[in-house]
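> Below is a structure I'd like to ask you about.
The values are calculated or read from the model by the stated rules, or taken from the named source; none is laboratory data. Bear in mind the structure is a predicted one, so any value in this text is a computation, not a measurement. Cβ coordinates were reconstructed from backbone atoms using ideal geometry, including for glycine residues, and neighbour counts include every protein chain displayed.
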């Protein structure tokens, strides 16, 4: 470390202390040449997780954006905060596990939609209506019909024998 007073490159550490939150270390140093003391701070240089938007822009991943979108989609639905937190955790883990430390909004949306579809169909449709950017009512109805058909197939498999629509 270069001495801020004389520019000499050799010093000795006379005291080290970890910060209260544990994210940095404060070191008191003494220059070998001039004997003056100075302080340096050491912290981990983190590369932020990124999200690639549909138009190609990159933004820093923010958990609260995912949570806010989920809370809007799940408003007045029987879904607990811990269930939403689990979805956000899964999305965040996917970004962290990505080799480039980034994922596209398309990939993130697929993860969220898959989880919501299994959790609550109404929340799924609400989220999908924003995420898939339905252009008109017919696109929206197509997705609803698909959900109804898949629900009916699941019911038939379970032996409930729901009547055909």
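> So is residue 65 assigned to a loop (DSSP other than H, G, I, E, B) and either free of Cβ contacts under 8 Å to residues at least 40 places away in the same chain or on the phi < 0 side of the Ramachandran plot (or both) or not?
So residue 65 fails the test.
> Can you spot a residue in the stretch 10-19 that is exposed (fewer than 11 other Cβ atoms within 10 Å of the Cβ), assigned to a helix (DSSP H, G or I) and either touching a strand residue (DSSP E or B) at 6+ places or on another chain (Cβ under 8 Å) or in the same structural domain as residue 119 (by TED's automatic domain parsing) (or both)?
Within the stretch 10-19 (the criterion being exposed (fewer than 11 other Cβ atoms within 10 Å of the Cβ), assigned to a helix (DSSP H, G or I) and either touching a strand residue (DSSP E or B) at 6+ places or on another chain (Cβ under 8 Å) or in the same structural domain as residue 119 (by TED's automatic domain parsing) (or both)), the answer is no, since none of the residues qualifies.
> Please state which one of 125, 91 is under 11 Å from the mean Cα position of the chain (by Cα) and buried (at least 16 other Cβ atoms within 10 Å of the Cβ).
Going through 125, 91 in turn, the sole match is 91.
> Test residue 38 against the stated conditions and say whether it is at pLDDT 95 or above and either closer than 16 Å to residue 105 by Cα or surrounded by 13 or more Cβ atoms within 10 Å (Cβ to Cβ) (or both).
Answer is yes for this residue.
> Turning to a different aspect of this structure: Could you say whether any residue in the stretch 74-89 is in contact with a helix residue (DSSP H, G or I) (Cβ under 7 Å, 6 or more places away or on another chain), within 21 Å of residue 133 (Cα to Cα) and at pLDDT below 90?
Within the stretch 74-89, none of the residues are in contact with a helix residue (DSSP H, G or I) (Cβ under 7 Å, 6 or more places away or on another chain), within 21 Å of residue 133 (Cα to Cα) and at pLDDT below 90.
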